[in-house]
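The values are calculated or read from the model by the stated rules, or taken from the named source; none is laboratory data. Note that the coordinates shown come from a computational prediction; the quantities given were computed from them, not determined experimentally. Here Cβ is always computed from backbone atoms with ideal geometry, including for glycine, and neighbour counts include all displayed protein chains.
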Amino acid sequence: MKRSYWEKTASHYEDEIFDVLQNDKKGIIRSAIQKYASNKKTAIDIGCAVGKWLPILSKNFKKVMAIDISAENIKIAKKNNKKYKNISYQRLDMSSADNELPRCDLAICINALLTPDVKDRIQFLENTASCIRKKGVLILTVPSLESWLLSHILQQRFAIDKTSFPDTKNKTAAMTQWKNMLQGNVAIDEVQHKHYLKEELKIVLAKAGFKVNTIKKIKYDWHTEFINPPKWLKNPQPWDWMAVVMKK
Ligand SMILES: C[S@@+](CC[C@H](N)C(=O)[O-])C[C@H]1O[C@@H](n2cnc3c(N)ncnc32)[C@H](O)[C@@H]1O
């Protein structure tokens with residue numbers, strides 16, 4: 001998942017990219033941010049894209065840093081948030097080893113740690129830890145592999161949206177798919193995105209120097225997974241994981 005991919009999505013971002021802020025109907029992530037809010041503290045939005053979370057951060061913190069790998073996204077984020085004067089912007093690749101990183105009290109990273117490349121992910125998390133002061137907080141949201149599996153098991157069992165889920169007929173493609181799945185990499189719109197198990201997330205975050213406080217589900221409507229979900233399909237709902245962790 002290279003920079004070019006994110007630059008290309010910028011112009012049709014609203015149509016293509018899942019909006020966590022809109023779909024977190026209970027406002028769980030917003031509440032987590034507000035819990036740590038202070039007009040004496042600084043915050044950073046890692047992978048800010050078009051800047052949907054910036055108004056919340058701007059109103060709740062003294063200074064806000066917005067970073068993204070995509071110059072196009074940064075341009076749109078700036079335009080969308082012109083009226084907030086305490087935000088500064090930087091184009092930066094969190095998977096690169098030579099970054100001059102800012103340091104803040106709170107970081108949010110909402111569905112940005114998605115790269116299927118394990119080395120890029122390790123560097124991304126290492127850089128994320130460097131952006132946060134000791135005892136500072138990271139609010140991280142990532143796709144859930146458990147939720148992805150549940151959707152696929154239900155899809156097979158009850159033949160939901162059959163034409164949208166064709167079988168993989170080609171042997172080589174099936175083998176690639178299998179190897180990717182063993183690493184938690186699954187396709188969204190034909191592009192590999194890392195998905196995480198809850199227990200995996202605990203280990204990965206602890207290794208990166210964080211104390212794990214909470215890992216919670218951010219629940220969505222079944223229409224986010226299927227075009228025609230069965231009427232009886234209510235609970236459990238599909239979900240992302242939100243981890244709230246403290247820098248040691
Ligand atoms: C799915 S979007 C999520 C955007 C935003 N956090 C939100 O919730 O609306 C993922 C964002 O992460 C950014 N991103 C992906 N890899 C990155 C990296 N290595 N460094 C910085 N930003 C990255 C992408 O450019 C994209 O804007």
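Numbers below:
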item: Yes/no for ALA187 being in contact with a Ser or Thr (Cβ under 8 Å, 6 or more places away or on another chain) and more than 22 Å from ASP24 (Cβ to Cβ); result: no
item: Complete set of residues in the stretch 1-39 that are touching a Lys or Arg at 6+ places or on another chain (Cβ under 6 Å) and either assigned to a helix (DSSP H, G or I) or of a type in the set (Lys, Arg) (or both); result: LEU21
item: Candidate set from the stretch 82-101 (those that are hydrophobic (A, V, I, L, M, F, W, C) and near the ligand (Cβ under 8 Å from one of its atoms)); member that is surrounded by the most Cβ atoms within 10 Å (Cβ to Cβ); result: MET94
item: Members of the stretch 72-98 that are out of contact with any Pro (no Cβ under 8 Å at 6 or more places or on another chain) and under 14 Å from GLY47 (Cβ atoms); result: GLU72, ASN73, ILE74, ILE76, ALA77, TYR89, ARG91, LEU92, ASP93, MET94, SER95, SER96
item: Any chance ILE67 is touching a residue at least 24 places away in the same chain (Cβ under 8 Å), within 10 Å of the ligand (Cβ to nearest atom) and surrounded by fewer than 22 Cβ atoms within 10 Å (Cβ to Cβ); result: no
item: Residues located in the stretch 147-183, provided they are under 24 Å from THR115 (Cα atoms), modelled with pLDDT of 95 or more and part of a loop (DSSP other than H, G, I, E, B); result: GLN183
item: Failed item, numbered, when GLY27 is tested on (1) farther than 29 Å from GLU225 by Cα; (2) more than 13 Å from the ligand (Cβ to nearest atom); result: (1)
item: Candidates THR128, THR115, THR141 - the one that is part of a helix (DSSP H, G or I), touching a residue at least 24 places away in the same chain (Cβ under 8 Å) and within 15 Å of the chain's Cα centre (by Cα); result: THR128
item: Enumeration of residues in the stretch 40-64 that are away from the ligand (no atom under 15 Å from the Cβ) and either outside any helix (DSSP H, G or I) or in contact (Cβ under 8 Å) with a residue 40 or more places away in the chain (or both); result: LYS40, LYS41, THR42, PHE61, LYS62, LYS63
item: Hits in the stretch 195-207 (condition: within 28 Å of GLN177 (Cα to Cα) and either buried (at least 16 other Cβ atoms within 10 Å of the Cβ) or of a type in the set (A, V, I, L, M, F, W, C) (or both)); result: HIS195, TYR196, LEU197, LEU201, LYS202, ILE203, VAL204, LEU205
item: Options LEU197, LEU205, LEU201: the member that is out of contact with any strand residue (DSSP E or B) (no Cβ under 7 Å at 6 or more places or on another chain) and touching a residue at least 12 places away in the same chain (Cβ under 8 Å); result: LEU197
